[in-house]
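Only one structure is covered here, and it is reproduced in the block below.
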Amino acid sequence: MLSIVIPCYNEEKNLKIILEKLLEIHGKFLDIEIVLIDNGSTDSTARTLSKLKDQFKHFIRFIRIDENIGYGHGIMKGVQKASGEVIAWTHADLQTDPADVLEAYKIFVEHPNYPKCILKGRRIGRNPLDTLFTAGMSIISTLLLREKMSDINAQPKMFHRDFLEKLTESPRDFSLDLYFLFQARLHSYPILEYSVHFGKRLYGDSKGGGTLKGKCKLMLRTLKYILKLKHNLGR
């Protein structure tokens, strides 16, 4: 079984769209579990979900976190509830198509030793500024950690559930994606990549680096976390 973990934070306007897309996915691939987390939303996400979940409860597990502690916290709460042999996480903002997870899964399980691999998305079709920022952060992360990093925050992320034992000190914020890739490099897991088209948000605001201010904050948080990793490992 494949478990797909999707955190939602203030995504009320996207919820109906993403649930319908997930229903379509479920119709094509029945051996699937979807874990949808309301990650402490402060808008009408909880109310919207309460109206819709009866329609989708036959294939979606709904989890409510009362307080938004962070992106990483929400994802890992969903991961801990997942029951699939293969687990993936992606976003609810619809900038990448949820169906990408299924296509990525086909590539992942075709690998002869997929339990000892991970898979990540590689975003294409982005604007030049975002591409440049991502490339810059990848280079900085690679140089400081001495492990090759690329398109750190791209979705989906996918792994065999045995990899969970490597994620025991997961950060609660957006550093989770970096930590995930770093753990794979540290334990010599091959990293497979799947190209995903990255579009504009339909509704709502970006929770990460969607604006210049957001990019600066994300960069500072990432650098702080990299230095923490280096210190812990004595690098």
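Apart from one condition, Lys53 fits all of (1) surrounded by fewer than 17 Cβ atoms within 10 Å (Cβ to Cβ); (2) out of contact with any Lys or Arg (no Cβ under 8 Å at 6 or more places or on another chain); (3) among the basic types (Lys, Arg); (4) modelled with pLDDT of 90 or more; the exception is (4). If we scan the stretch 75-84, do we find a residue that is out of contact with any Pro (no Cβ under 8 Å at 6 or more places or on another chain), free of Cβ contacts under 8 Å to residues at least 40 places away in the same chain and among the hydroxyl-bearing types (Ser, Thr, Tyr)? Checked against the condition, which is being out of contact with any Pro (no Cβ under 8 Å at 6 or more places or on another chain), free of Cβ contacts under 8 Å to residues at least 40 places away in the same chain and among the hydroxyl-bearing types (Ser, Thr, Tyr), the stretch 75-84 yields no hits at all.
Here the condition is being surrounded by 12 or more Cβ atoms within 10 Å (Cβ to Cβ), modelled with pLDDT under 70 and not polar (S, T, N, Q); of Gly204, Gly199, it holds for Gly204 alone. Counting only helices (runs of 4 or more DSSP H) wholly contained in the stretch 87-195, the ones carrying 1 or more residues that are small (Gly, Ala, Ser) and in contact with a Leu (Cβ under 9 Å, 6 or more places away or on another chain) occupy 99-110, 128-145. Of the candidates Gly72, Gly27, Gly84, Gly78, the single residue that is assigned to a helix (DSSP H, G or I), touching a helix residue (DSSP H, G or I) at 6+ places or on another chain (Cβ under 9 Å) and of a type in the set (Gly, Ala, Ser) is Gly72. Taking residues in the stretch 117-140 that are over 14 Å from Cys216 (Cα atoms) and without any contact (Cβ under 8 Å) to a residue 24 or more places away in the chain, and partners anywhere that are surrounded by 14 or more Cβ atoms within 10 Å (Cβ to Cβ) and not aromatic (Phe, Trp, Tyr), the pairs with Cβ atoms closer than 7 Å and at least 6 places apart or on different chains are Ser138/Met149; Ser138/Ser150; Ser138/Asp151; Ser138/Ile152.
The values are calculated or read from the model by the stated rules, or taken from the named source; none is laboratory data. Not measured: the values here are computed from a predicted model. As a convention, Cβ positions derive from the backbone with ideal geometry for all residues, glycine included, and neighbour counts pool all protein chains shown.
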